[in-house]
Amino acid sequence: MVIQGYPNPGDGLRLHLNENTGGCSARVLEAIRRVRPSEVSTYPSYRDAVITTARHFDLDPDWVLLTNGLDEGILMAAVGHIARRRIHDAENIIPLPAFDPYPNSTAAVGATAIPIPPGPEFAFPTGAVVAAITPRTRMIFLNTPNNPTGQLIPMADLARIGEAAPKAVVLVDEAYIEFGGASFLPELPRFRNVLVGRTFSKAYGLAGLRVGVVIGHPDALDPVRAVTLPFNINAVALAALDAALGDVEFLPRYAAEVRESRERLYAACRRLGLHYWPSAANYVLVRVGEAAPLVAALAARKIHVRDRSKDPVTPGCIRITAGIVAHTEAAIEALESVLAMRER
Ligand SMILES: Cc1ncc(COP(=O)(O)O)c(C=O)c1O
């Protein structure tokens, strides 16, 4: 049977999709319980949610487009800027390693992907990205912190690329920025060609409800708005978003757990002699050598991590979500025991 989405790994700790391992705020669940029958039976209104989100990010509401997860925002950015304009020779620049929806959305709108390999130790290839810009470049996908490496793109490099490609749309994907690094949002007013993508899936634990946001100057955002379906986010998700943003203690508490978990993962890697990349996000990329049997052995211990080894840019690597410290400790224990078996 072919089923959409990612396969469910079954029981155990989900450390393979960079989700919030602690769940959402209790206030989100209370808000969901308060949803009225008429809110379910009528089409949603987005006005309040857009205003609340704009206030949260200190933005003009005209710069905000709520999307069904940032995934939808990525696809709609490509549809709005390439397919809707019937551009047949579009090139999209995609620095590697890349989040799958960048090449997938590029292919969906008939554009050509221009992949750019990273520098040593995943240094961001700013010069190569700038050199790859042509008159056909329509989109540039910049992901900071990067999934899966956790590396940040320096602010000056984001700005340099935005300035170097005034005819293209630069999508700065900040899905994990709440866990480390500074947002590009304060720089955004200088750019008419840059969109910032954010999600409430990770830091706020709303992945199951699907809420993201694309932010930018109306010149860049309106083409995306034009192709986004009118009722793209459901009423329950809107109620949840309002409650999540209202719980101002939730994020600092969770971000502190993530920071501590990252440190414990680094320490475990050092003990085990595994190479890792210090991460600004809620996951750590680790080089383990032969990854598939290790991932399977961890799964047998009910610890699910992501095998990144099939991507030629991350050979021999796995990605481990860093969330609640107790969960990270369970993962470390399993990793230690699996590696001890491997060495026998
Ligand atoms: C880099 C990156 N961007 C965007 C997303 C999309 O998040 P969502 O569609 O859940 O908002 C993810 C999720 O894994 C991600 O890793």
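Some observations on this one:
- Share of carbon and sulfur in the accessible area of the stretch 185-344 stands at 56%, probe radius 1.4 Å.
- Nonpolar atom fraction for the stretch 98-158, defined as the carbon and sulfur part of the 1.4 Å probe accessible area, stands at 62 percent.
- Scanning residues 5 or more positions from V170 or on other chains, those with amide H under 5 Å from its amide H are I140, V194, L195, with H placed 1.01 Å from N in the peptide plane.
- Net charge over other residues, Cβ less than 14 angstrom from the Cβ of E257 (K, R count +1; D, E count -1): -1
- With a 1.4 Å probe rolled over the protein heavy atoms of all chains, the accessible area of L171, L75 falls in the order L75, L171, largest first.
- With N the number of residues in the stretch 183-327, Rg(Cα) / (2.2 N^0.38 Å) evaluates to 1.29.
- Cut-off 15 Å between beta-carbons: net charge of the residues surrounding A131, Lys and Arg +1, Asp and Glu -1: -1
- Of all DSSP bridge pairs formed entirely within the stretch 26-246, close to 35 percent run antiparallel.
- Centroid-to-centroid separation of the stretch 293-344 and the stretch 119-142 [C-alpha atoms, Å]: 31
- Accessible area in the full protein assembly, largest first, 1.4 Å probe, for H81, H56, H88: H88, H56, H81
- D_trans [Stokes-Einstein, Kirkwood Rh over alpha-carbon pairs] for the stretch 26-246, 10 °C, 1.306 mPa s, µm² s⁻¹: 90
- Neighbour cut-off at most 11 other Cβ (10 Å), DSSP loop, GluC sites (Glu not before Pro), the stretch 198-298: E249, E290
- Radius 11 Å from Cβ of E174, net charge of other residues (Lys, Arg +1; Asp, Glu -1): 0
- Taking every full run of DSSP H in the chain, the ones that stretch at least 18 Å from end to end by Cα along their long axis and average 0.0 or higher on the Kyte-Doolittle scale are 325-343.
- Inter-part distance where the stretch 8-46 and the stretch 247-289 are each reduced to a Cα centre, Å: 25
- Accessible area per residue in Å² at 1.4 Å probe, computed on the chain: 45
The values are calculated or read from the model by the stated rules, or taken from the named source; none is laboratory data. Every value quoted in this text rests on a predicted model; they were computed, and no experiment measured them. Reconstructed Cβ throughout: ideal geometry from the backbone, glycine too, with neighbour counts over all protein chains shown. Note: areas computed on protein heavy atoms with side chains; ligands, DNA, RNA excluded. Shrake-Rupley method; radii C 1.70, N 1.55, O 1.52, S 1.80 Å.
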